[in-house]
1. Within region 1-38, restricting attention to residues that are modelled with pLDDT under 95 and polar (S, T, N, Q), which residue is farthest from the chain's Cα centre (by Cα)?
2. Can LEU30 be described as in contact with a Cys (Cβ under 6 Å, 6 or more places away or on another chain), surrounded by 10 or more Cβ atoms within 10 Å (Cβ to Cβ) and either assigned by TED's automatic domain parsing to the domain that holds LYS67 or part of a strand (DSSP E or B) (or both)?
3. If the Cβ limit is 8 Å and pairs must be 6+ apart or interchain, which residue in region 65-86 that is in the same structural domain as ASP53 (by TED's automatic domain parsing) and at positive phi pairs with which residue that is acidic (Asp, Glu) and crowded, with 16+ Cβ neighbours inside 10 Å?
4. Which one is nearest to the chain's Cα centre (by Cα) among residues in region 43-55 that are hydrophobic (A, V, I, L, M, F, W, C) and surrounded by 11 or more Cβ atoms within 10 Å (Cβ to Cβ)?
5. Would you confirm whether or not region 58-80 contains a residue that is part of a loop (DSSP other than H, G, I, E, B), loosely packed, with under 12 Cβ neighbours inside 10 Å and of a type in the set (S, T, N, Q)?
6. Modelled with pLDDT of 95 or more and in contact with a strand residue (DSSP E or B) (Cβ under 7 Å, 6 or more places away or on another chain): which single residue out of ILE41, ILE46 fits that description?
7. Residue under question is ASN25, and the condition is that it be exposed (fewer than 10 other Cβ atoms within 10 Å of the Cβ), without any contact (Cβ under 8 Å) to a residue 12 or more places away in the chain and polar (S, T, N, Q); does it hold?
8. For region 28-62, enumerate the residues that are free of Cβ contacts under 8 Å to residues at least 12 places away in the same chain and among the acidic types (Asp, Glu).
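The values are calculated or read from the model by the stated rules, or taken from the named source; none is laboratory data. Source: prediction; values computed, not measured. Heads up, the Cβs are rebuilt from the backbone with ideal geometry, glycines too, and the neighbour counts pull from every protein chain shown.
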Amino acid sequence: MSILELSKTLMYDFHYNHIKNKYHNEAQLLFTDTDSLCYHIVTEDIYKDMKKDKMLFDTSNYSKDHKLYSNENNKVIGKMKDETGGKPIVEF
């Protein structure tokens with residue numbers, strides 16, 4: 001299996017087995033790239049949701065005072081990273 005195939009497998013697994021399973025129709029996939037997924041998710045508190053599943057995320061790029069900041073999964077293969085560092089995208 002190539003690196004690209006492995007990446008796709010991890011991303012599809014995250015999308016279908018975590019995001020779609022958890023949010024159903026409240027999660028809309030806006031776009032994908034080789035190594036990224038961008039969502040619009042309707043939920044009361046996305047950070048509260050992420051905290052429950054913190055083993056899935058690398059939040060090392062969040063500010064140190066952010067409630068989800070952690071170096072625990074820093075650069076761990078297969079962990080999802082918020083490319084905006086905890087800052088919500090307000091316009092698409």
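1. SER2
2. yes
3. What qualifies is LYS75/ASP58.
4. By that ranking, first place goes to MET50.
5. The answer is yes; a qualifying residue exists.
6. Going through ILE41, ILE46 in turn, just one is modelled with pLDDT of 95 or more and in contact with a strand residue (DSSP E or B) (Cβ under 7 Å, 6 or more places away or on another chain): ILE41.
7. Spelling it out, ASN25 is indeed exposed (fewer than 10 other Cβ atoms within 10 Å of the Cβ), without any contact (Cβ under 8 Å) to a residue 12 or more places away in the chain and polar (S, T, N, Q).
8. ASP33, GLU44, ASP45
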